[in-house]
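Report on the structure given below.
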Amino acid sequence: MGLRQQKQLTQEIVLDHGLSVTGACKLTGMCGSQYYYVSKKDDSAVISALEDLSAKHPVYGFRKLYAYLRRAGKPWNHKKVYRVYKLLNMNKKRVANVVYLLGRNSLWNNRSALIKNGAWTL
């Protein structure tokens, strides 16, 4: 179980069952400091920069966007940019070029297409 899920479970126990935070933390196996911890990450600048770039270049993936940001002089490292990139669900699915080797219309079965100046009928 992840930290986020543990924190959510602890909050549910405190609200629903009226247990103290300390008791709920012991029950879920979570430290009190983890329960009260608030992340100090302010990613608004990274988010706006990534959204602007992806609007200009919708085909660009992470590597090109990150290279563009570095050339623009932004100080963010790849780990921070990639974390925000994933947070915005900007991951692109890779599309592979599929070559069908078997079948009635494949080049292997249509040998006339393999011959120079041969017919290209299917």
### Query
In the structure shown, do any of Lys41/Lys64; Lys40/Lys79; Lys41/Lys80; Lys7/Lys86; Lys56/Lys79; Lys64/Lys86 have a Cα-Cα gap over 19 Å, and if so which?
Lys41/Lys64; Lys7/Lys86; Lys56/Lys79
### Query
How would you rank Val38, Val84, going from fewest to most other Cβ atoms within 10 Å of each one's own Cβ?
Val38, Val84
### Summary
Listing Tyr66, Tyr36 by rising number of other beta-carbon atoms within 10 angstrom, fewest first, gives Tyr36, Tyr66
### Message
Counting other beta carbons within 10 Å of each residue's own, what order do Leu65, Leu15, Leu50 fall into, fewest first?
### Response
Leu15, Leu65, Leu50
### Query
Can you give the FRET efficiency for Phe62 and Ala96, using 1/(1 + (r/R0)^6), R0 = 22 Å, r = Cβ-Cβ distance, to the nearest 0.05?
0.75
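Since every read-out is calculated from the coordinates, none of them should be taken as a lab result. Given the structure is predicted, the values throughout are model-derived calculations rather than measurements. Neighbour counts run over all protein chains shown; Cβ positions are idealised from the backbone, glycine included.
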